[in-house]
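Since the structure comes first, as structure tokens, the remarks are kept for the end.
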Amino acid sequence: MNYSHFFIPTLREVPADAVIASHRLMFRAGLLRKLANGLFAYLPLGLRSFRKVEQIIREEMSAIGALELKPSVVVPAELWKESGRWDSMGESMLRVKNRLDNDFVVSPTAEEVFTAIVRDELSSYRQLPLALYQINTKFRDEIRPRYGVMRGREFTMKDAYSWHADEQSLDDTYNAFGRAYRQIFKRCGLSVIPVKADSGAMGGSGSEEFMVESDVGDNTLLLCKCGYAANVEKAACAADFKIESSANTPAIEKIDTPDIKTIEELCAFLKMQPQSFIKTLIYRVFNSELEIPGSKDREAFVAVAIRGDLDVNEVKLAAVLKASEVNLASDTDVTRLTNAPVGFAGPVGLTSLPLIIDHTVTAMNDAVTGALAKDLHYKHAAYERDFKAWMIEDIRTVKIGDKCVQCGGELYTKMGNELGHIFKLGYKYTRSMNVSYLDENGKSQMPTMGCYGIGVDRTLASVIEEHNDEAGIIWPVSVAPFHVIIVPIKYDGAMKEAADKLAAELTKLNIEVLLDDRNERPGVKFNDADLTGIPYRVVVGDKGLALSTPQVEVKRRSEKENFMLDCDKAAAELAERIKEELAKK
């Protein structure tokens, strides 16, 4: 391919809204252009790399037996109403009507579509296990799209779904997808961190995210040198408390705490550490799958108690309640439900709400807590003796310095961006959408499901984030738009003849070549070659051709030093190097 016939509108200036490397370089190197906030067009050079990421994904999906489908992007609302997510997905889902006033959804994800397809075709256990996937457009109306295609409104995802007759089959496929994901990201040249994660709105039980480290990451990761890794939403830590008897604890008593509402104020007033206090918060719960006492119209209120030096992890809380959302209750609701001003809630005597306590509270046998009355607190409060719980769960937010649940080492944090996520969905969608099959005894059964997603745009952007320098992109060979760029110092005479000959030889060897035939200064050509990041640059110049054995100068984009190759051996040598790199999986 000749440069003059290609469309590579490079830029020397950085777009004003581009704050991360991939956003800047995708624009500057002519890979991408913005149509509107969160909406982008891939230009030919960018699309070539995009297709290579897709191809790697397809090859690894085929290797584990997943089969590709292509459903529509716009789907009928009835499917989302069946699953119950028509109302719970919120404003990020783009809802549209056709001319007949029928409701449709521009897919933000595809559990409903794939489940409906399988429901209509599944009849026998002999058809299971089944794994299907698509690489298709999605739309989520992000409140604040940013960082280019790293967080756009329209994007491309590979999402796969699997159906199984039993949990062992689901586990096997889940693990196969986990291995395939590691291979996909390795082939793309990415260093990923697999972490334990929360399943969120997707539902289900087991969940693993594949993260890349990023200064502007949306996720906080808790890591340990032993290999433990988890998203802060899911992270657990070793117990930092010891359960002791309250037999010798003095009887509970009320104390005056005038105008004291916060843990910090209590610490100062009573000259005690926050670990001695029980903090009680009131939450409003939406769409819980549990039977919560006092629930009404799929909404409920709960009290949550935790040690005073800790914070409630609301994602964990939503997960244990199997709820779509949990929010702190309003001041008005807190006062109404506790019969006390905000800041004086506590677990002792709180009978109007189901009480959820963190494990740390079970070890508190001499604590200070709110007394459900203005300017009053209890001291000497003890779990079990003075109050009991509806649920006891791990609902604390793990933080840097906490001890690893696996080895006891100290946890540290990194910021990360999610590239892929795998879930064990269980029966969430097969139950709500009434999917069944006949087992070997002719009895109707419900299959369990898995779900497996990769953001294709985000993966491509992350490759650039990890592989760049001050001059531009440094593509791994596996996803580079071209393998070789040939740069004749001047495209005429002997240099043109040698460049054309080398390009033809490389093409015959199935090496993708971009020949810079432009009438530009050498410096401009070299800068563009570095900016676009093509792995091998071959310079054809008078000096090299004038040698007794004509040579060309070769530079690997990722290396500083050049080397020379004989013209008659250059094509074979470059092809061998490139194919060796592509063969490394």
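The values are calculated or read from the model by the stated rules, or taken from the named source; none is laboratory data. Nothing here was measured: the structure is a model prediction, and the numbers come from that model. Reconstructed Cβ throughout: ideal geometry from the backbone, glycine too, with neighbour counts over all protein chains shown. Only protein heavy atoms, including side chains, enter the accessible area calculation; ligands, DNA and RNA are left aside. Shrake-Rupley method; radii C 1.70, N 1.55, O 1.52, S 1.80 Å.
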Between beta-carbons, use under 13 Å as the cut-off and find the net charge around residue 396, counting Lys and Arg +1, Asp and Glu -1. -3
Under a 1.4 Å probe, what is the accessible area of segment 1-86 per residue, stated in Å²? 48
Using only Cα atoms, find the angle between the long axis of helix 493-508 and the longest principal axis of the chain, and express it within 0 to 90 degrees, rounded to the nearest 10. 50
Could you name the aspartates and glutamates in cross-link range of residue 138, using Cα to Cα under 12 Å and dropping any fewer than eight places away on the same chain? 154, 159, 457
Accessible-area composition of the chain, carbon plus sulfur, in percent [1.4 Å probe]: 49
Per DSSP H run of n ≥ 4, the term is -39500 (n - 2.57); total these for the chain, divide by its residue number, and report the mean residue ellipticity at 222 nm rounded to 500 deg cm²/dmol. -8000 deg cm²/dmol
If I histogram all Cα-Cα distances within the chain using bins 20 Å wide from 0, what percent of pairs lands in each bin? 17, 40, 29, 11, 2, 0
Once you have the Cα-Cα distance between residue 406 and residue 519, take 0.36 nm times their residue separation minus that, and quote the gain in nm to one decimal. 34.5 nm
Return one number: the angle in degrees, 0 to 90 and rounded to the nearest 10, between the long axis of the Cα atoms of helix 567-583 and the longest principal axis of the Cα atoms of the chain. 20
Please list, ordered by chain and number, the residues whose modelled amide H lies under 5 Å from the amide H of residue 313; skip anything fewer than 5 residues away on the same chain. 396, 397
Cross-link reach list, lysines versus residue 225, counting only Cα pairs under 30 Å and skipping chain neighbours closer than eight places: 186, 196, 234, 242, 316, 399, 403, 414, 424, 584, 585
Quote the accessible area belonging to residue 167 in square angstrom, nearest 10, computed with a 1.4 Å probe and with ligands, DNA and RNA left uncounted. 90
Please sort 251-257, 73-79, 472-478 by packing, taking for each peptide the average over its residues of neighbouring beta carbons within 10 angstrom, highest first. 472-478, 73-79, 251-257
With just the Cα atoms defining each centre, how far is segment 11-46 from segment 206-263? Give it in Å. 40
Order of exposure, largest accessible area first, which applies to 444, 162 with probe 1.4 Å: 444, 162
How much area per residue is accessible in segment 391-500 when the probe is 1.4 Å and only protein heavy atoms are counted (Å²)? 38
For residue 297 and residue 562, compute 0.36 nm times the residue count separating them, minus their Cα-Cα distance, and round to one decimal in nm. 88.3 nm
Starting from the residue with the highest accessible area, list 332, 156, 448, 507 in decreasing order, probe 1.4 Å. 332, 507, 156, 448
At what distance in angstrom do the alpha carbon centres of segment 278-341 and segment 69-117 lie from each other? 30
Hey, rough spin-label estimate for residue 13 and residue 342, points 7 angstrom out along Cα→Cβ, what's it come to in nanometres? 4.7
Exposure ranking of 286, 50 by accessible area [1.4 Å probe, largest first]: 286, 50
For segment 206-303 the mean separation of alpha carbon contacts under 8 Å (6+ apart) over residue count, i.e. relative contact order in percent, is 12
Heavy-atom accessible area per residue - segment 225-282, 1.4 Å, Å²: 62
Sorted from largest to smallest, which semi-axis lengths in Å does the alpha carbon gyration tensor of segment 126-181 give for its equivalent ellipsoid, taking the root of 5 times each eigenvalue? 31, 12, 9
dims of segment 130-219, Cα set, principal axes, largest to smallest, nearest Å -> 41, 28, 23
Heavy-atom accessible area of residue 81, protein chains in place, probe 1.4 angstrom, given in Å² to nearest 10, is 100
Just how much of residue 465 is accessible, in Å², when a 1.4 Å probe is used and the result is rounded to the nearest 10? 60
Going 7 Å from the Cα of residue 427 toward and past its Cβ, which residues in segment 171-200 have a backbone nitrogen under 18 Å from where you end up? 171
Karplus ³J(HN,Hα) for segment 458-465 (6.51 cos²θ - 1.76 cosθ + 1.60, θ = phi - 60°; Hz, whole; x = Gly/Pro) runs 5, 4, 4, 4, 5, 4, 5, 4
Distance between Cα centroids, segment 535-585 to segment 139-203: provide it in whole Å. 38
Rounded to a whole number of µm²/s, how large is the Stokes-Einstein D of segment 55-140 at 25 °C and 0.890 mPa s, given Rh as the Kirkwood radius over C-alpha pairs? 169
I want to make sure I understand the PRE zone here: with the label point 7 angstrom from the Cα of residue 96 toward its beta carbon, which residues in segment 54-83 have backbone N atoms less than 16 Å away? 71-78
